[in-house]
Each structure stands twice: as C-alpha cells, then as structure tokens.
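Here the structure comes first, spelled out in structure tokens, and everything after it is commentary.
Values quoted throughout were computed directly from the atomic coordinates according to the rules given, and no laboratory measurement underlies them. This is a predicted model, so every value here is computed, not measured. Cβ: placed from backbone, ideal geometry, glycine included. Neighbour counts: every protein chain shown.
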C-alpha cells in the first residue's frame, strides 16, 4: 500500500474530490522534500561533527544551539554564491547533468519501505527499479564531468563512471542472492518475510542471518554501495589530494551543493535499501510489531495502525542511521584505494565471491526449503 | 495463485477503516483491469519527475539572488591558477574501454538472471523437478559467463596496470640491462 | 486524445517514427558511432512494436499465457547490448590505426 | 483524459523529438545525449503498457550500459566533437527520402487496418511471468543467448586487445625481451 493511497484515504475521509494523481505528487513531495533533502543536509552537519569527534575537536557549534542549524547556514550560503560557468563549458549538458544525477539518486526513494503502510511506490519490481535508477547516476556523473571542460574533472568523471559502473555488478549479484532466497522483488514483501519466525507466521528473521552466504553478501553489498556513492575508501573520483575535487571541480555555488546533496542522498538511499533487504526493515527481534494492539481509538477510528506505523518508522530509521554512521566512520579511518586496487578488488574479489555466494544461497534455499538458520535451530531445539 | 510468493497482507488504511478500497476500484476501472500497478507507476514517476525538476528549479530561482560578475579570470577553467592550455577533451587511459565492454556483458547477465531466480523459491514449493530445472538453467547461465570472467583474468585483461608481479619483473630487467 | 494509451496504432506509428529516424541516422551519419546510434533506434522501434502488440492485442499473440512479446523485446535489448560491446571494440581498433572513426575514410581493406 | 493518456502523449513527443536530433544533429555528442531522451521515452511507454520488468531492464541495459559505452567511444574520438559540421543536406537527402517513403507507406497500412478488437493492458506484475517463460518455452533461447554473450565478450576483448596495450611498459618488456 503506497503513501499516495494512504493520503487518498484522508481525501476519502474529508470527502474532497481531489484526483489520485495529486496524491502521488504530494507523497513524492513529502518523502523527497520533507525527508530526503533535510536529512541529507543534516547528515553533512553530522558528518562534520563525527569527524570532529574522531579527531578530538569540537566541530561546528556556532550556528544554532550546538551547531544544529549549520547545514541550514551552508545551504543558504551555497544558494547565494555565484555560479560561474566557464566560457567553453558545454552549457546544455552542464545544466542537464545535475538533474540526471538528482533523478537517479532521489528517484529511487520511491522504492524505500519506511513502514508496512508507508512506501513511496509499492512496485512489484522494487529492487530492480532502484538499480535501474542507480545507473542514471553514472551517466550524470560522466556528462557533468565531460561538459565542464576541465582536465581534472574529466579524469575524475571517467574514474567515477568506471567505478560506479563496475561496482554495479557485485551489487546486482548480492541483490540476486536475496531474491533467490526470498522469491520476490517488491521491497514490501521482502521486508514482510523478515519478521520474527512464529510457528504459524511466514517470517524467517533478518536476511543477514538467514544463511552464511547472505551474511557475506551483506558486506559485499555494503562495499559495492560505498563504491557507488564515491565514499571513502573508494572516493577516487573526487580525490582531493590528486584531482583537486574530481568531477565537481568546476561546479560552484548551488550546483556543487546539489551534487553534494545527491551524493549524500545516495548514501542514505543505499543505507535504506540495505536495511530493507538485509536487516529486516522495520522488524524487531522477538516481537512482531504488526501484532501490537493498543486499542487506542479516537471516535470510531482505531489508531492502532498509526501507532504501529510510527514505531516501525522509528525502528527503520534507527537501523538506517546506524549504517550511515558506519559510512561516516569509514570515511575518517580507511585510506583511499589506488585505481588498480579499486578495479582489482571489484573484478577479482567481489564478483567471484558474490558468484559463489549466489550459488551457495540457492543450494541452501533448495536444501532447507527456504527456512533460515534460526528456524532450523528452532526446530532442532523444538522451541519455535 | 502465487504459491508461497503471494503473501497477501491485509492492507488496511492507516486510520483503521477501509473506505478507500472501494474508491480505488471505481475511479481507475476506466484504464486497466486492476490498475493498482499503474497507480504505483504513477507514484514512482512523480518521484522521478520531481527529482529531475528540482535542480533546474533551484538554480533558476537562485539566479535572482546570486551575484553575477563574470570576470575573464573566473570564466577560465580552474588549473591551479595557471592559464589552461589545450582543451580538456584529450585522450586518456584506454583501460576504461575494457571495463565498459566487460561491464556491459555482465550487467546484461545480471538483468537476465533476475526473472529466472525470482521463481526459484516458488519452484521449490511447486516441488518435483521444476526447482532442479530452474537451478540448472540459471546456474548454467552463470557458469558459462564465469568462464568468460576466468578467461579475462587469465589473459590479464582486467588487470588495471599490468599486475604487480609483471612490473617487478620489468623493473628488475631494467636495472640489469646495461645502461 | 482520450484513450490514447490503449490505442494500439499510436504505439505502432511511434515505433515506425523511431525506426525511420534510426534508418536516416544509420544511412547518413558519417561517424561509426552515429551509425551505431541509428541501429539502436531501429532496434528500439522493433522492441516497442512487440510490447505494444503483447499488451494491447491479447487475442492475437498471447493465445496462451506466455508473454511472447515481452520476451522478444527483452532478447532484442540483450543482443543490442552485446552488439554495443563488439561495436566499441571495433571502433577502438579503427581509431587506434586510423585516428578517425569516419566511416567514409576507413573503407580501405588494408590492415 | 486519464493521466496515463497525458503521459503517453508526452512520451511520444519526447521520443520523437529526441530521435529527430539523434539523426540530424551535427554534433555527435548531442546526438548521443538525445538518444538518452528517446530511450527513456521508450522505457516510459513500456511502463504505460504494463511491462514493468522491461521498463527497468531497458533503463539498466540501455541507459546504464550501452549509452555509457557510446559516450566513452564519443569521448575517445573527440576530434569529431570539435569539428561541428553538418554532413550536408546532399548527404541527408537520399536517406531522408527513403525513410520518409517507408514511413508514409507503413503508416498508411497501419491506419487502413481495423483495430477494433484491442483490449486494455492488464496490469499484472510481469517479471514472474517472464521468468516462467524464460524457464519454460524459451529455455533453449535463454542458454543460446548466454553462449552469444560469452562469444561477444571474448570476441570484443580480443578485437580490442591491441588497442589496449599499455604503451610504456609493454614496449620496454618487448625491447628487453629480445636481447
């Protein structure tokens, strides 16, 4: 059930005849403008705070109570800075590239299942749709770098495109192993199957612990996702020390802000998708949130699903923030890889390992009829 | 209908009653039999369009607030302060092309495997030898392309810059060679 | 305009349009990549034709429940990808030896 | 006027204009960029026709794979980029004439047929049905395609190998190899 349907429920309640299409645009506005962009901006502040904490300094604390409004100040500053486009840059493509990158990274938020009742678009091809939009980002990076007519940005753009492109394969293979185990592509069902295994229920707990092959594939997915967002240790395309600022050397003012924002949205997007397909979305161990019944009701509407939904969103966002924290943590601990190490890691290590994990996951599902390690233990001990 | 895969969840509206179910069937009947999926496409499309419109919108609105003093120095591309000579559209390392070729073939492989492996779980529940057939087909597909990867590996095509061992051998021979 | 989305000839005419622009690009373009882009457009037109018939003419193609039209266009897309890989390899070699991929100038058969 | 009619009309316009520029634009790079427009329009039409898996596969393989390869090739041969030439109306005349004749003839034939029996697309999820088709009647074709994939991969790499030589190190090795 998608957010637009939920909103149209309100329309049904109030009896206004607003067409359904407006609600899908409203749901898009809500998820993108009220969740993705502010949280993306706030993460830039968080990143600087985390980095400061690692280096035992204080980090931004001037703007707002403890620097909380820092990202707001950054946004305004970038908005007001001059956007000088160099004279022999290719103006058309120069303006077209950021919208490709933005469409790629923000468009995929439609597939992210925040709770059982709230999902941007409950597509039957959810995970495949997110991968499809991921490939738009590599195109946008390549075009943005090419059109800004700068040697550094061109080399950075080529490296960025080659890196994003080649790390899409281990990403696809690890998602394939999830699909072999769970038998469905829509994120809503993938998460629904990861509930805590009750005797009658369908759940087989989190996919990470489903079988050892998926456990390893989670880390391959995480590494490939890091490379997709150009985060350390794979931030070769914008390697400050070598390429000035890689493919966004020529971008100034708000254009650079948009690229940085869509890069951070990519990090949050991959954290959301990793949580949804590996760490069991909104499911909590030992308890199934959907069976929670408080019986709170206003008039004849029972607010049970509302309370459940708020709890689910809370659990989901907690897991996402843990993953985003790990991404930030890696940024200040791991050194940067060379180009040949980067490519060797992908082609000689990640792809073969995810090949064998895929075969292993298929054999495991076949042998145990899709039951997870936890369910098998439960049967062995006769508990669950 | 879907065996295991079709886990039908009671999709209740958040406010606990089910009015809008009927509403959904009535208005969208005109287009497709059950165009719930079309409604989901509409949601996904509105996400993508909103995200695609955002950058030009923000940049256009910003145009009124942004200072604009085009100065000769500012408009040339950034080259650590020196004057840029030659255009940036220059040739570069041709290893990128090999990555593009091999990526294309493996990306197609991943995309083709999605529908087949989607059925694996359902084939197990159907029982009999359907699971064996699906497994054999999918992993024959995978195995043949793994041969391609091994071939690339052995002929050293995917080594980005001749692997370390070659280079070490190369440096040794350079030192021994009479200057 | 109403009901355009389920009006089959609209998709067929658009597929024809793509095909004819692809034909023009393939015949008139001088650079090898331009010719390749023309071929891509033609393939897209054909694939769209298959999908339109599969979706809008249930009786004729899909007498049984298999999605023949969709499978055909999936294989068209896959084979276009392989063709692109080989095309890039050839363009690399031609550019390596003649410093141009101008189809007119690269017509001698000498090595 | 359902929203989907509007969307389909928009896709027709976007796809047609983009295809026009791909054929006629003097500069190859802009032709490649406009190819993106027509591919995304065709992906949108697949969505409007209910083929959801195909729309995503088209985006992944065409826009994420083939166009990256085309852009790499265009960036390599950058001399064409600088020479902004229009290939001359003379060169475009014959192909345009031939294409216009075929287009007009075929459009007349399509419109002369009666399309009364058309049905509405039923928006069932197609990826599972395509999986069963790939495993069922098209199993042989599925394996045949993987052989074509492998041969394409190895062939492309063999063809491209001389062009991918790393000039510096290989010359040293060969030079030192002889004496």
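Numbers at a glance
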{"item": "Extended-chain gain in nm, criterion 0.36 nm per residue less alpha-carbon gap, residue A:325 and residue A:73", "result": "88.5 nm"}
{"item": "Peptide C:46-55 - average C-beta neighbours from other chains (10 Å radius)", "result": "6"}
{"item": "Part-to-part distance (alpha-carbon centres) for region C:6-32 and region D:1-46, which is given in Å", "result": "11"}
{"item": "Chain A: angle of helix A:37-54 to the longest principal axis, Cα-based, in degrees nearest 10", "result": "80"}
{"item": "Peptide B:124-130, shielding by other chains (average Cβ, 10 Å cutoff)", "result": "2"}
{"item": "Peptide A:353-365, shielding by other chains (average Cβ, 10 Å cutoff)", "result": "3"}
{"item": "Likely footprinting exposure, D:22, B:173, fewest C-beta neighbours within 10 Å first", "result": "B:173, D:22"}
{"item": "Computed over region D:3-126, the ratio Rg/Rh where both radii use C-alpha atoms and Rh is Kirkwood", "result": "1.05"}
{"item": "Alpha carbon convex hull of region A:271-384, projected area averaged over orientations, nm²", "result": "11.5"}
{"item": "Calculated on alpha-carbon atoms, Rg and Dmax of region C:4-98 in Å", "result": "16.2, 54"}
{"item": "P(r) weight above 35 Å for chain A, C-alpha pairs, percent", "result": "30"}
{"item": "Nitroxide proxy distance, nm - points 7 Å out along Cα→Cβ at residue B:155 and residue B:125", "result": "4.5"}
{"item": "By average C-beta atoms within 10 angstrom, highest first, the peptides A:35-44, A:132-141", "result": "A:132-141, A:35-44"}
{"item": "Peptides ranked, highest mean first, by Cβ atoms within 10 Å: ranges A:52-62, B:117-127, A:20-30", "result": "B:117-127, A:20-30, A:52-62"}
{"item": "Estimated inter-spin distance, residue D:107 and residue A:379, nm [label 7 Å along Cα→Cβ]", "result": "6.4"}
{"item": "Relative contact order of chain A, pairs being alpha-carbon contacts under 8 Å that are 6 or more residues apart, as %", "result": "21"}
{"item": "Separation of the residue A:318 and residue D:6 label points, Cα + 7 Å toward Cβ, nm", "result": "4.2"}
